[in-house]
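K.L.:
Here you go, one structure.
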Amino acid sequence: MKHVISPLDLSMEELDKVLSLAESILQDPEKYSECCHGKKLATLFYEPSTRTRLSFEAAMLNLGGSVLGFSSADSSSAAKGESVADTIRVVSSYADICAMRHPKEGAPYVASIHSGIPVINAGDGGHNHPTQTLTDLFTIKTLKGRLDHLTIGFCGDLKFGRTVHSLINAMVRYPGSRFILISPDELRIPTYLREEVLEAGNIPYQESKVLEDVMPKLDILYMTRVQKERFFNEEDYIRLKDSFILDAAKMQCAGKDMLVLHPLPRVNEIATEVDDDPRAVYFRQAQLGVYVRMALIMTLLGISAG
Amino acid sequence: MLNIGGLNQGVVIDHIKAGGAMKIYEYLNLEKQDCSVAIIKNAKSSKMGKKDIIKIEGPITVDLDMLGVLDPDLTLDIIEDGKITAKRNPRLPAQVTGIIRCKNPRCITSTEQELPHRFRLTNKEKGLYRCIYCEQAYKR
Ligand SMILES: [Zn+2]
């Protein structure tokens, strides 16, 4: 039984297959519209995340399957004190595959140990969110045509941003990846990532505090939110926040092929004036996320095309 | 009083990080074991500044390598017939269950009390263990 708990649970070969399948689905969605007929996806969301849940449910419905589940802990058996292990044992007899979101780190892993059906981690606290990483990779591959030899800038909260950590871990597996890390001192990437992943792997990277300076070098700009709670005082936040907001003026420094990605939801870190720029692809990214989830569901259920 | 010369059969746990002896005493449950124990705290060490030492006379039935999880730098001097027959660092087990506890408040083990606290050795040189659930490194 294959589960996807961490973005690195898929080997390069498995990842390639999922991304190619997603591409085939994107080109001819009709061909796949009944291939999960009679199959059920359980969405077990112990904390609300409407966007992620809808993306999973849309994916299963597009494949002709059906969905069941809950969308917050207080409407679920967890409110009565049932363990994750017991819940998944029961759900295994109702559904064919499940996507689990949980505020506690490691909960989907616990589920996978006791599950009779494939478990997809749909986000566990600040830990892993593998289908976001798959979405990011599929977006880059679809819109750039490749995943190797790219310079990727990450901007904003690089300390707590799990999407950033996961995408760095995923991109270092492709040859020629370079990273430019743009953040205030307080929100630099964690030491373990710098030492155990980037430096240990001899991966070229550069750190910067000024977005405009590095924009011309980027193939991809991955924006994240800088949250006020991350700062010790209001003054630091106010002083720094504008440096990490993307607006039309900063976009003028970028190359014509640079793409702007964002895991969404956005608050104010990308000015709405950027939305109409053809290089802003974050809404397209959310749409591509449905296709890659379709491919993952099919793969874990062992269903092939048509 | 016990000294190394007087030790006939047993073990000297040396180079314990200063302050760590009591934790090891408790983990080995020496209170209940049929052996005499000497604990030396804050001994001078040229290598470490200060260190703790535990000398145990008598048979020990627990796996001493597990001590590497608590302190990977300590050394084990095995004494037989009044002589040191082996002097080595503990061999770090690849996985340990129920010896150390995950301290991450966001970890699933913080809410599901019956889950076994299990760690995997992820860096041999540094003796680094990570929780199998949340992957947070164990800080000694
Ligand atoms: Zn943990």
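The values are calculated or read from the model by the stated rules, or taken from the named source; none is laboratory data. Quick caveat, the model's predicted, so the values are computed rather than measured. Methodologically, a virtual Cβ is constructed for each residue, glycine included, from the backbone with ideal geometry; neighbour enumeration extends over all protein chains shown. Ligands, DNA and RNA are excluded from the accessible area calculation, which covers all protein heavy atoms including side chains. Shrake-Rupley method; radii C 1.70, N 1.55, O 1.52, S 1.80 Å.
K.L.:
Taking B:Lys44 and the conditions (1) open to solvent by less than 20 Å² (accessible area, probe 1.4 Å); (2) over 15 Å from the mean Cα position of the chain (by Cα); (3) farther than 18 Å from B:Tyr27 by Cβ; (4) not aromatic (Phe, Trp, Tyr), which numbered condition does it fall short on, given that it satisfies the others?
P.N.:
(1)
K.L.:
List pairs: first residue in region A:253-268 and assigned by TED's automatic domain parsing to the domain that holds A:Asp136 and over 29 Å from A:Pro48 (Cα atoms), second residue modelled with pLDDT under 95 and in a loop (DSSP other than H, G, I, E, B) anywhere in the structure, Cβ distance under 6 angstrom, at least six positions apart or on different chains.
P.N.:
none
K.L.:
Just to be sure, is A:Ile88 surrounded by 15 or more Cβ atoms within 10 Å (Cβ to Cβ), within 14 Å of chain B (Cβ to nearest Cβ) and in contact with a helix residue (DSSP H, G or I) (Cβ under 9 Å, 6 or more places away or on another chain)? If you could, list the steps in order and put the result at the bottom.
P.N.:
Working: surrounded by 15 or more Cβ atoms within 10 Å (Cβ to Cβ): yes; within 14 Å of chain B (Cβ to nearest Cβ): yes; in contact with a helix residue (DSSP H, G or I) (Cβ under 9 Å, 6 or more places away or on another chain): yes.
Here the answer is yes, as A:Ile88 does meet what is asked.
K.L.:
Scan B:Thr85, B:Thr61 and give me the residue that is away from chain A (no Cβ under 14 Å), of a type in the set (S, T, N, Q), exposed (fewer than 13 other Cβ atoms within 10 Å of the Cβ) and part of a loop (DSSP other than H, G, I, E, B). Before you say what the answer is, go through the steps one by one.
P.N.:
Values: B:Thr85 fails: part of a loop (DSSP other than H, G, I, E, B).
The unique qualifying residue is B:Thr61.
K.L.:
Still on this structure: Could you say which residue among B:Asp63, B:Asp77, B:Asp71 is in the same structural domain as B:Lys32 (by TED's automatic domain parsing) and at pLDDT below 90? Please lay out each step first, then the result.
P.N.:
Working: B:Asp77 fails: at pLDDT below 90; B:Asp71 fails: at pLDDT below 90.
None of the other options fit; the residue is B:Asp63.
K.L.:
I'd like to check something: does region B:97-111 contain any residue that is more than 24 Å from A:Arg162 (Cα to Cα), modelled with pLDDT of 90 or more, assigned to a loop (DSSP other than H, G, I, E, B) and out of contact with any Ser or Thr (no Cβ under 8 Å at 6 or more places or on another chain)?
P.N.:
Yes, the conditions are met somewhere in region B:97-111.
K.L.:
Failed condition for B:Arg118, given (1) at pLDDT below 95; (2) within 13 Å of chain A (Cβ to nearest Cβ), with all others met?
P.N.:
Single failed check for B:Arg118: (1).
K.L.:
Follow-up question, since we're still on this one. Within region A:199-209, track down each residue that is assigned to a strand (DSSP E or B) and either of a type in the set (S, T, N, Q) or open to solvent by 80 Å² or more (accessible area, probe 1.4 Å) (or both).
P.N.:
Passing the criteria: A:Gln206, A:Ser208.
K.L.:
Also: Filter region B:1-35 down to residues that are in a loop (DSSP other than H, G, I, E, B) and modelled with pLDDT of 90 or more and give me whichever is farthest from B:Thr85 (Cα to Cα). Spell out the reasoning first.
P.N.:
Let us first name the residues in region B:1-35 that are in a loop (DSSP other than H, G, I, E, B), namely B:1-3, B:7-9, B:18-20, B:28-35.
If we keep only those that are modelled with pLDDT of 90 or more too, we end up with B:18-20.
Numbers: B:Ala18: 25, B:Gly19: 27, B:Gly20: 25 Å.
If we take residues in region B:1-35 being in a loop (DSSP other than H, G, I, E, B) and modelled with pLDDT of 90 or more, then B:Gly19 is farthest from B:Thr85 (Cα to Cα).
K.L.:
For residues that are more than 19 Å from A:Lys40 (Cα to Cα) and open to solvent by 10 Å² or more (accessible area, probe 1.4 Å), scanning just region A:106-120, find the one that is nearest to the other protein chains (Cβ to nearest Cβ). Talk me through it step by step, then tell me what you get.
P.N.:
Restricting attention to region A:106-120, the residues satisfying the condition of being more than 19 Å from A:Lys40 (Cα to Cα) are A:106-107, A:109-110, A:113.
Checking the rest, the ones that are also open to solvent by 10 Å² or more (accessible area, probe 1.4 Å) come to A:109, A:113.
Working: A:Tyr109: 6, A:Ile113: 10 Å.
Per the criteria, the residue is A:Tyr109.
K.L.:
Then there is this: Please enumerate the residues belonging to region A:158-179 that are more than 22 Å from A:Arg230 (Cβ to Cβ) and in a helix (DSSP H, G or I).
P.N.:
Restricting attention to region A:158-179, the residues satisfying the condition of being more than 22 Å from A:Arg230 (Cβ to Cβ) are A:170-178.
Correct list: A:Ala170, A:Met171.
K.L.:
Continuing with this model, one more query. Could you please let me know if B:Ile78 is part of a strand (DSSP E or B), open to solvent by 20 Å² or more (accessible area, probe 1.4 Å), away from the ligand (no atom under 16 Å from the Cβ) and touching a Phe, Trp or Tyr at 6+ places or on another chain (Cβ under 7 Å)? Show your work before the answer.
P.N.:
Values: part of a strand (DSSP E or B): yes; open to solvent by 20 Å² or more (accessible area, probe 1.4 Å): yes; away from the ligand (no atom under 16 Å from the Cβ): yes; touching a Phe, Trp or Tyr at 6+ places or on another chain (Cβ under 7 Å): no.
No.
K.L.:
For B:Lys124, all conditions in the list (1) more than 9 Å from chain A (Cβ to nearest Cβ); (2) in contact with a strand residue (DSSP E or B) (Cβ under 8 Å, 6 or more places away or on another chain) hold save one; what is the number of the exception?
P.N.:
Unmet condition: (2).
K.L.:
Let me ask you something else. Identify, from the list A:Glu196, A:Glu186, A:Glu212, the residue that is free of Cβ contacts under 8 Å to residues at least 40 places away in the same chain, open to solvent by 30 Å² or more (accessible area, probe 1.4 Å) and of a type outside the set (S, T, N, Q).
P.N.:
Numbers: A:Glu186 fails: free of Cβ contacts under 8 Å to residues at least 40 places away in the same chain; A:Glu212 fails: free of Cβ contacts under 8 Å to residues at least 40 places away in the same chain.
Of A:Glu196, A:Glu186, A:Glu212, the one residue that is free of Cβ contacts under 8 Å to residues at least 40 places away in the same chain, open to solvent by 30 Å² or more (accessible area, probe 1.4 Å) and of a type outside the set (S, T, N, Q) is A:Glu196.
K.L.:
Would you mention how many residues in region B:116-125 are within 14 Å of the ligand (Cβ to nearest atom) and either of a type in the set (S, T, N, Q) or open to solvent by 90 Å² or more (accessible area, probe 1.4 Å) (or both)? So that I can check it myself, show each step before the final result.
P.N.:
Going residue by residue through region B:116-125, those that are within 14 Å of the ligand (Cβ to nearest atom) are B:116-120, B:122.
Now drop any that are not either of a type in the set (S, T, N, Q) or open to solvent by 90 Å² or more (accessible area, probe 1.4 Å) (or both), which leaves B:120, B:122.
Residues in region B:116-125 being within 14 Å of the ligand (Cβ to nearest atom) and either of a type in the set (S, T, N, Q) or open to solvent by 90 Å² or more (accessible area, probe 1.4 Å) (or both): 2 in total.
K.L.:
Please specify each residue of region A:62-114 satisfying the condition of being in a helix (DSSP H, G or I), farther than 22 Å from B:Cys134 by Cβ and touching a strand residue (DSSP E or B) at 6+ places or on another chain (Cβ under 7 Å).
P.N.:
A:Val91
K.L.:
For region A:103-118, which residues satisfy the criterion of being away from the ligand (no atom under 13 Å from the Cβ) and in contact with a helix residue (DSSP H, G or I) (Cβ under 7 Å, 6 or more places away or on another chain)?
P.N.:
Across region A:103-118, the qualifying residues are A:Ala111, A:His114, A:Ser115, A:Pro118.
K.L.:
Select from region B:98-115 the residues that are under 20 Å from the mean Cα position of the chain (by Cα) and within 13 Å of the ligand (Cβ to nearest atom) and list them in ascending order. Talk me through it step by step, then tell me what you get.
P.N.:
First, pick out the residues of region B:98-115 that are under 20 Å from the mean Cα position of the chain (by Cα): B:98-103.
Once the filter is applied, which keeps residues that are under 20 Å from the mean Cα position of the chain (by Cα) and within 13 Å of the ligand (Cβ to nearest atom), region B:98-115 yields B:Ile100, B:Arg101, B:Cys102, B:Lys103.
K.L.:
Say we look at region B:126-136 and pick out the residues that are near the ligand (Cβ under 9 Å from one of its atoms) and in a strand (DSSP E or B); which of these is least open to solvent (accessible area, probe 1.4 Å)?
P.N.:
Here is the first cut: in region B:126-136, the ones near the ligand (Cβ under 9 Å from one of its atoms) are B:130-136.
Next, only the ones that are in a strand (DSSP E or B) stay: B:130-131.
Details: B:Arg130: 49, B:Cys131: 3 Å².
Going through the qualifying residues, I end up with B:Cys131.
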